[in-house]
Amino acid sequence: METQDNGAARAHWVELKDRKKLNITGVEDVDCFNEQIVVLQTPLGTLTVTGAGLNVSQLDLEAGKVALEGEVDALEYTGGRRKGGVLGRLFR
């Protein structure tokens, strides 16, 4: 059976409404979550969401979608993809 990679699961965007509702696509995995922190793996690196009263209202890893509710204080990316490959590193 042949699987298709349509790129939809790799598309990543973040939508924050009034610092209370956060919708994220392109989520590959959830490392941990509680009321103060949610750590997600995305195609662009690790996304850490911090706040208060955070609640995962939707989690669909097959579709790569996560929805959070609560007081969002910060969004931080760490890690991520290197750009330029070998040639990019040679010409720095």
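Can you name every residue in region 58-70 that is surrounded by 13 or more Cβ atoms within 10 Å (Cβ to Cβ), in a strand (DSSP E or B) and either out of contact with any strand residue (DSSP E or B) (no Cβ under 7 Å at 6 or more places or on another chain) or not hydrophobic (A, V, I, L, M, F, W, C) (or both)?
Residues satisfying the conditions are K65, E69, G70.
For residues that are touching a residue at least 24 places away in the same chain (Cβ under 8 Å), in a strand (DSSP E or B) and on the phi < 0 side of the Ramachandran plot, scanning just region 35-50, find the one that is surrounded by the most Cβ atoms within 10 Å (Cβ to Cβ).
V38
Values quoted throughout were computed directly from the atomic coordinates according to the rules given, and no laboratory measurement underlies them. Predicted model, so just to flag it, every value in this text is computed and none were measured. Positions of Cβ are generated from backbone atoms using ideal geometry, with glycine treated the same way; all protein chains shown enter the neighbour counts.
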